[in-house]
Amino acid sequence: MRGFLTVIMLVVSNVFMTFAWYGHLKLDEMKITTDWPLILIILASWGVAFFEYSVMVPANRIGFVEHGGPFNLMQLKVIQEVVTLTVFTVIALFVFKGQSLHWNHLAAFACLVLAVFFVFLK
């Protein structure tokens, strides 16, 4: 159960992370932040990133083997990377119109799935 909760929390934190890192580009596209100075964009992104960290840190603690979770540090990191790219891809395709998924992106995801497989081998 801790492993499942960890992955769900990583997904939630990565939604916040994606919007913290790339949301300002959508706001710019919508002509909301076109006149904002860069420092204001950075501060707004930090505000969103606070919520990412508020979920990410507990997720890693819950999932880490030394805190009773099922994952070692390497496993947590590889899971995090796969979750990050999956969440980013979904948001990029559905929020940022004009972005498309190509064969090489799918090949890269396949490599990441293999990374998860290999990191869990004993």
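Compute the relative contact order of segment 1-106 as a whole-number percentage, counting only Cα pairs closer than 8 Å that sit 6 or more residues apart in sequence.
Values: 95 pairs, mean separation 39.0, N = 106.
Contact order relative to length: 37 percent.
Sorted fewest first by neighbouring Cβ atoms within 10 angstrom, 27, 43 come out as 43, 27. What the phi angles of segment 82-97 give under the Karplus curve with 6.51, -1.76 and 1.60, with θ = phi - 60°, is a coupling list of 5, 4, 4, 6, 5, 4, 4, 4, 4, 5, 4, 6, 9, 9, 9, 5 Hz, glycine and proline written as x. Applying the Karplus relation 6.51 cos²θ - 1.76 cosθ + 1.60 with θ = phi - 60° to segment 29-46 yields 3J(HN,Hα) values of 4, 7, 6, 8, 10, 4, 9, 6, x, 4, 4, 5, 4, 4, 5, 5, 5, 4 Hz, where x marks Gly and Pro. Across segment 98-103, coupling constants 3J(HN,Hα) worked out from phi with the 6.51/-1.76/1.60 Karplus curve, θ = phi - 60°, read x, 8, 10, 9, 10, 4 Hz, and Gly and Pro carry x. Result for the chain in a Gaussian network model with C-alpha springs under 10 Å: among 29, 81, 52, the largest mean-square fluctuation is at 29.
Going by average Cβ neighbours within 10 Å, how do the peptides 64-71, 9-16 rank, with the highest at the top? It would help to have the intermediate numbers written out before the result.
Numbers: 64-71: 14.4, 9-16: 20.5.
In descending order of packing, they fall as 9-16, 64-71.
Under a 5 Å amide H cut-off, with hydrogens placed 1.01 Å from N, residue 69 pairs with 64 among residues at least 5 apart or on other chains. Cβ crowding within 10 Å ranks 1, 74 as 1, 74, fewest other Cβ atoms first.
Computed from the coordinates by the stated procedures, all read-outs in this text should not be read as laboratory data. If you're wondering where the values come from, they're calculated on a predicted model, not measured in any experiment. With ideal geometry, Cβ positions are generated from the backbone for all residues, glycine too; neighbour counts draw on all protein chains shown.
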